[in-house]
Amino acid sequence: MRQLYILFLLFIFTYRPVAAQQEAPQTSLNHYIEFLSQSSEQVIRRFQMLRGYQEDVTRYRKKPDYGLRLPSSGPLEAYYYKKAEGGLGIEAGKRKQLNAGLENVWQVLNKLDETCKALETYVRLKDYERDNLKKSEALIAEMQSLFERYAHDKNALYTQIRQVYASVQNRPAADPYMVTEKAMGEVITAQQRLLDALPYYLSEETKAEWPVALVRQSMLDDEKALSTIGNTASQLQYPASDMVGTFKSALASMQDIKRRALNDHNFAAQQSAAHGNAVYLSLVEQFNHDMLEFYKAFVGYSKPGHLLLNYPFFSPVMRSGSAGDAVPEANGTPPFQDKTFQPLNVKKAPAPANAALIRTLNQYVDWINQSLRQMHLLQMIVRNYQSSAEYYRDPAKAQKRANLSYSHEDFKLPASEYALLLSASTVIPEPYRKAVTGQAEVLMNVLQEMDGLSIELVRYTSEKQYLKDQLKRSDAILDRYVVLFNTLDKKKEELYNDIRRIHESYPNATQASSWYIAGSAMLKTMDKGHDVLFGVRDYQAGEKTKMPETANLEADSRQLIADEYKNMKGLQRYGRSNGLCPYTPYEDLGANAGRFAEKVQQYKPAAPGYAAHPYEPFYYFYNNELVYEYNNFIELSKAGLLKTINQPDVFAFRRTKPQNAVVPPAKVEEPKVEKPAGRPAEDIAQVKTNSAEMPAAQQSPVRNVRPLTNEAAPSAPAAQATRDTVYVERVRVDTVYVDRNAQLQNVTRSLDGFAPNNMVLLLDVSSSMNSPYKMPLLKRSIKSLLTLVRPEDMISIVLYSGKARVVLKPTSGAKASEISRMIDLLQSDGDTDGNEGIKLAYKTANKQYIRGGNNRIVLATDGEFPVSDEVMDMIRQNARQDVYLSIFTFGRHEHTGQKLKKLSELGMGSYAHVTDASADLQLILEAQAKKLAGK
């Protein structure tokens, strides 16, 4: 027996080296990659630790009584290092070289760990109070150096690994797995090159150049890769084939980050490193934990027939930055470069347009619409600035006021869309291409001049030049804006007409399809609506003596409805709650066209003192009720149809006559302003002004401090406007508890004339909400509102399943698509913690409080929960201060409990049980709870 045991041990010790030698070289190489990824994760954790510590140091320098703290970095994990070092699937000489590189990386990692722990000890002992952070600065500098050294040594080892991999890989290059691996590898390498070139500054106060051109080119390269990668997926076995699509989606997500990065790199973002840092971290996170994870899954699913190599995680590095990196300031704004074009000579094409051409033409329409949204935002910004600036025309009075300020930080040039547009334009035949790209260039030039003028105003106000020239330069800039707004309006119409002529020169490939027949009928109605809107414009501008005739539009509206079943024959009806149903936009366009005609017929001149221009409701209706529905249908269609453009509010910004008030105003006793309990004093009025002191154009009470916009970017200027002169007669609460269920029959699908919303959605997503009568109706109710929200409307989302948390910070209605994506992600799980949810919701609502707006929390739940006395008192106090609580309940049957209804009464809000019939309207009513003053 003993002899058998000895023989067994000898067999084990003899077999182990043999088994190790049988390990595939690719497997051993992947052990090295696994170590590099795991060690990069540890470097990233220390990178994040240093980021947080630096923020604390910055606060400490400003306020020394703020103590520093640093969490423990924890021990290094040696498992993956040992696993890589002991892999015997590689020939001994090559393994020795790899292990030398492995040892270099391991030593740097240990040195970084030691430095982190030295900093932790330094902070724990509070030595920074004794040496004024000198050692802290030295340790931070050493860590930054080690981040760079680690990245260098890691890349050197990875290069060695790739060389060994190339020598052991024996599959033919034409093998679909090898082709796919190569295509994915090229994408990964391109992302790594970009990340290596992007800067990350430890101090966000650094003002430095950001590689815009590099990011733009990377985005364009991604677009080409997206159109080609995945062509070999059909030749792969499942599930490896499925990973190609997920990898492609990861690349699309990287592309989205780059697009937003380019658009968001505006003047405000260039004043610090915060924007570039945020982009860098987003790309690193997306690259490591999305793109590389999907690639790793592809490699795993390709076994055992194909042994492929993984990629290691990217490890970030830091730059110190300096004051010398500051972006140079421009002197003045040159006028935009205009071009003249010969009328486009369009010829009928013999064959239908291909899908790429149709897609590009629609891309032009989308870009025009994005340009108009940005122009509208700027119209609102300069309108607010103009009304504020008049109070600073007299230098003597201006000296006594708070500083005049101007900000256009939310204005963003559609730079990424423009770059992609030019890249995609190669599919447009010459000479059409030269004409439309040239017109697009002129539109972009106009937008760039608008941006430049706004940058001038930022500097003009911050340097207080208005005290020297009595608003002379300010007046010149505002006069120029009038010209630019009108120019962009005119030129976008010319470009759209040429795009449409190009589109119509091609025969449609599906003329017999219901998509084409219905879309063509809808376009005919849209053209009539366009003519009516322009007739209203001409009348409001004084170019015509009467409002336009609407008989043709009415007839087309009726015909569209009458022909519905003939036009839509064969198209699937999914129901109004399904966003894929083509009947919904078709029917709504027909009905809305008739309502638009009625709106024109019933027009009455506005009463004196009416705050908004009478054109505004027509502009809103046309864009929201006609263009939106038509473009929604086109997006659903498969017939090669062309979308249409929105129209700007040409009267949104009007120049007021400058006031030259030099006579001292009569002394008028100011009304007393009472401050309600709990509301900050600055929310009442920061500056009191006598009506006699105000310019003549401003003597009527201010009714609309926050402007209404359509679908522009977030409307930040309102906060600026309220910081200047506001005449407050008295403080009052004018929203009361109403049972709004009774109003469902008469609801208007528009927020025109209603106050801007600060709406916090407090959502119960506990497991009990997982029912077809609950969560789907909740999502539908929110999405019905998202089709109407304006840029000045702010939406926040607080969840109280398990721990209460904010999942969507206050977000402008201009980003409705982002809010919608957040709604799609909602899932039912966990328990209910209503008390903490209510507390967090009120905190969020008060932080974003809009003076004169509809500040409202909407609690959505499927059942009652205990509410503490503290929370009850909070609800009562906030209701007195213009923050209200409405409650929606969900479920198959209406709730019989009274606690929730009492809560809504206490919060001076409404109470409603949401059903399938009311889901589309209920939240819209909440957004219409408060009208603008004077409307």
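The values are calculated or read from the model by the stated rules, or taken from the named source; none is laboratory data. The shown structure was predicted, so the numbers you read here are calculated from the model rather than taken from an experiment. Glycine gets a Cβ as well: all are built from the backbone with ideal geometry, and neighbour counts include every protein chain shown.
Is one or more of the residues making up the range 147-162 modelled with pLDDT of 95 or more, touching a helix residue (DSSP H, G or I) at 6+ places or on another chain (Cβ under 7 Å), more than 30 Å from residue 53 (Cβ to Cβ) and not in a loop (DSSP other than H, G, I, E, B)?
yes
Checking residue 893 against (1) in contact (Cβ under 8 Å) with a residue 24 or more places away in the chain; (2) over 16 Å from residue 758 (Cα atoms), only one condition comes out false. Which one?
Looking at each condition in turn, residue 893 falls short on (1).
Need pairs with beta-carbon distance below 8 Å; first residue within 17 Å of residue 560 (Cα to Cα) and basic (Lys, Arg) and within the range 503-529, second modelled with pLDDT of 95 or more and outside any loop (DSSP other than H, G, I, E, B); sequence gap 6+ or separate chains.
Close Cβ pairs (under 8 Å, with a partner that is modelled with pLDDT of 95 or more and outside any loop (DSSP other than H, G, I, E, B)) amount to 524/556; 528/552; 528/553; 528/556; 528/593.
Could you tell me which residue of the range 163-178 is modelled with the lowest pLDDT, considering only residues that are loosely packed, with under 12 Cβ neighbours inside 10 Å and part of a loop (DSSP other than H, G, I, E, B)?
170
Could you list all residues from the range 212-230 that are within 18 Å of residue 197 (Cβ to Cβ) and charged (D, E, K, R)?
216, 221, 222
How many residues, within the range 432-456, are of a type in the set (D, E, K, R) and touching a residue at least 60 places away in the same chain (Cβ under 8 Å)? I'd like the intermediate steps shown before the answer.
Taking the range 432-456 first, the residues of a type in the set (D, E, K, R) are 433-434, 441, 449, 451, 456.
Of the ones still in play, those that are also touching a residue at least 60 places away in the same chain (Cβ under 8 Å) are 441, 449, 451, 456.
Final tally of qualifying residues: 4.
Could you say which residue among 288, 266, 277 is crowded, with 19+ Cβ neighbours inside 10 Å, in a loop (DSSP other than H, G, I, E, B) and of a type in the set (S, T, N, Q)?
Selected residue: 266, the only one of 288, 266, 277 that is crowded, with 19+ Cβ neighbours inside 10 Å, in a loop (DSSP other than H, G, I, E, B) and of a type in the set (S, T, N, Q).
Would you check if there is a residue in the range 827-836 being buried (at least 18 other Cβ atoms within 10 Å of the Cβ), out of contact with any helix residue (DSSP H, G or I) (no Cβ under 6 Å at 6 or more places or on another chain) and touching a residue at least 60 places away in the same chain (Cβ under 8 Å)?
Yes, the conditions are met somewhere in the range 827-836.
Out of the range 391-407, which residues are outside any loop (DSSP other than H, G, I, E, B) and within 39 Å of the chain's Cα centre (by Cα)?
Matches in the range 391-407: 391, 392, 398.
Of 518, 509, which residue is under 24 Å from residue 354 (Cβ atoms) and surrounded by fewer than 18 Cβ atoms within 10 Å (Cβ to Cβ)?
Testing whether each residue is under 24 Å from residue 354 (Cβ atoms) and surrounded by fewer than 18 Cβ atoms within 10 Å (Cβ to Cβ) leaves just 509.
Of the residues 111, 94, 83, 126, only one is outside any helix (DSSP H, G or I), at pLDDT 90 or above and over 39 Å from the mean Cα position of the chain (by Cα); which? Spell out the reasoning first.
Numbers: 111 fails: outside any helix (DSSP H, G or I); 94 fails: outside any helix (DSSP H, G or I); 83 fails: outside any helix (DSSP H, G or I).
Among 111, 94, 83, 126, only 126 is outside any helix (DSSP H, G or I), at pLDDT 90 or above and over 39 Å from the mean Cα position of the chain (by Cα).
What about residue 141, is it more than 30 Å from residue 301 (Cα to Cα), of a type in the set (A, V, I, L, M, F, W, C) and out of contact with any Cys (no Cβ under 7 Å at 6 or more places or on another chain)?
When the stated conditions are applied, residue 141 passes them.
What are the residues in the range 47-80 that are hydrophobic (A, V, I, L, M, F, W, C), within 17 Å of residue 113 (Cβ to Cβ) and at pLDDT 90 or above, if any?
The answer is 47, 49, 50, 78.
Residue 538 fails exactly one of the following numbered conditions: (1) in contact (Cβ under 8 Å) with a residue 24 or more places away in the chain; (2) within 30 Å of residue 454 (Cα to Cα). What is the number of that condition?
Tallying (1) in contact (Cβ under 8 Å) with a residue 24 or more places away in the chain; (2) within 30 Å of residue 454 (Cα to Cα), residue 538 fails exactly one: (1).
Answer yes if at least one residue in the range 191-210 is over 18 Å from residue 316 (Cβ atoms) and part of a helix (DSSP H, G or I), and no otherwise. It would help to see each step written out before you state the result.
Narrowing the range 191-210 to residues over 18 Å from residue 316 (Cβ atoms): 205, 207, 209.
Now restrict to residues that are part of a helix (DSSP H, G or I): none.
There is no residue in the range 191-210 that is over 18 Å from residue 316 (Cβ atoms) and part of a helix (DSSP H, G or I).
Output yes when any residue across the range 571-582 is crowded, with 18+ Cβ neighbours inside 10 Å and within 21 Å of residue 622 (Cα to Cα), and no when none is.
Yes, there is a match, as at least one residue in the range 571-582 is crowded, with 18+ Cβ neighbours inside 10 Å and within 21 Å of residue 622 (Cα to Cα).
Within the set of pairs 6 or more residues apart or between chains, which connect a residue that is in a loop (DSSP other than H, G, I, E, B) inside the range 53-77 to a residue that is among the β-branched types (Val, Ile, Thr) with Cβ atoms less than 6 Å apart?
Short answer, once both residue conditions are applied: 68/123; 70/123.
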